[in-house]
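Only the coordinates and a few stated rules stand behind these numbers; no lab work does. Computed from a prediction, not measured in an experiment: that's the story for all the values here. When we count neighbours, we look across all protein chains shown, and the Cβ atoms used for this are built from the backbone with ideal geometry, even at glycine.
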Amino acid sequence: MSCNARYALAIALLSHFQGASALDSDRDQPVQVTADSASYNQKSGVAIYTGNVVVIQGSMHLWADQLQVQTDANGKIDTAHATGNPARYEQIQDPQKGPVTAHALIIDYDVKQDEITLTHNAHIHQDDSTADGSVIHYRIQDQHIDAIGDNKDRVFLVFPPSENKNGKDKATTAAPAAPPANAPASKNPGVHG
């Protein structure tokens, strides 16, 4: 790849990911992309990165086997399509929480919708909350998740327990429930069947 082609590719990619971040400070950071190979068609606006692709902008990290970026007439990103085994995404959405981490065989990013779609073996996680499904739509700014199952895999969600005023989980501070009056006696104290 010639020096001019590399420069055009770098400029095109830098302009692509400017809106891809949730933290304001991320938007102001330069985009760093590494891959084993890259190509950019200025006429079609398609950039393709192949082999050990790593994209970093501030707290946002994307790892993939291949990344295809489609730009509009102004050189701004419309969509990014990452594939991997799996492709992985990580970003700090809220400084008070841990990073959002996600993985799937396909990760699509739609700039206009500010949404990431995870497809095939999709998983997203933040702190003690997780979601698994065949397809997960994640609206970045809203931190909103829609998960969809398919005919062989159902959606699976885990939410952390809420905390009481003392900062302890309600589940650990609540008294055990008494067995119903007509419940059979258990051989194992504290276990009711």
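Worth a mention:
- Karplus-derived HN-Hα couplings along the range 131-139 (A = 6.51, B = -1.76, C = 1.60, θ = phi - 60°), whole Hz, x at Gly and Pro: 9, 10, x, 6, 9, 10, 9, 10, 7
- Summed residue charge, Cβ within 11 Å of Thr117's Cβ, Lys/Arg positive, Asp/Glu negative: -3
- For the range 63-112, the square roots of the Cα gyration tensor eigenvalues, ordered a ≥ b ≥ c, give a/c of at least 1.5 with a/b no greater than b/c, which places it in the oblate category.
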